[in-house]
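Undergrad: Just dropping this structure here.
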Amino acid sequence: MQTITVERTIGTTKKAVLAGLGAYNDEKFGKQKVRSIAVSLKDGRKIVGGIVGQLWSTVLFIQYSGSTRSSAARVTARS
């Protein structure tokens, strides 16, 4: 019988889950290069937020996203 366990440390479970996902993706899509990526939101030279994740083929997996409270209200997009 399978059980669900809540753990305080995630290392072993994270490795097992990522290994299973990686094996599935490799089987379905072939071996892909995975790159870590960070996108910064800056106020002048100070980083006030952004995203951190991995780029896999043409898919961006966002692992973390955040910004300071003061910057969230006044974000403008520029290219």
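The values are calculated or read from the model by the stated rules, or taken from the named source; none is laboratory data. Keep in mind that this is a model prediction, so the values were computed, not measured. Methodologically, a virtual Cβ is constructed for each residue, glycine included, from the backbone with ideal geometry; neighbour enumeration extends over all protein chains shown. The area values use the complete protein model at the heavy-atom level, side chains included, leaving out ligands, DNA and RNA. Shrake-Rupley method; radii C 1.70, N 1.55, O 1.52, S 1.80 Å.
Undergrad: Restricting attention to region 41-59, which residues are surrounded by 13 or more Cβ atoms within 10 Å (Cβ to Cβ) and not β-branched (Val, Ile, Thr)?
TA: Of all residues in region 41-59, those surrounded by 13 or more Cβ atoms within 10 Å (Cβ to Cβ) come to 41, 43, 47-56.
Scanning region 41-59 gives Leu41, Asp43, Gly49, Gly50, Gly53, Gln54, Leu55, Trp56.
Undergrad: Which ones in region 24-35 are out of contact with any Gly (no Cβ under 9 Å at 6 or more places or on another chain) and either among the charged types (D, E, K, R) or open to solvent by 60 Å² or more (accessible area, probe 1.4 Å) (or both)?
TA: Of region 24-35, the ones out of contact with any Gly (no Cβ under 9 Å at 6 or more places or on another chain) are 24-33, 35.
Across region 24-35, the qualifying residues are Tyr24, Asp26, Glu27, Lys28, Phe29, Lys31, Gln32, Lys33, Arg35.
Undergrad: Given the criteria at pLDDT 85 or above, open to solvent by 100 Å² or more (accessible area, probe 1.4 Å) and of a type in the set (S, T, N, Q), does Ser67 qualify?
TA: Numbers: at pLDDT 85 or above: yes; open to solvent by 100 Å² or more (accessible area, probe 1.4 Å): no; of a type in the set (S, T, N, Q): yes.
Spelling it out, it is not the case that Ser67 is at pLDDT 85 or above, open to solvent by 100 Å² or more (accessible area, probe 1.4 Å) and of a type in the set (S, T, N, Q).
Undergrad: Might you check whether a residue that is under 30 Å from Thr68 (Cα atoms) and among the acidic types (Asp, Glu) occurs anywhere in region 26-39?
TA: Within region 26-39, the first condition is being under 30 Å from Thr68 (Cα atoms), and the residues that meet it are 34-39.
Checking which are among the acidic types (Asp, Glu) leaves us with none.
Among the residues of region 26-39, not one is under 30 Å from Thr68 (Cα atoms) and among the acidic types (Asp, Glu), which makes the answer no.
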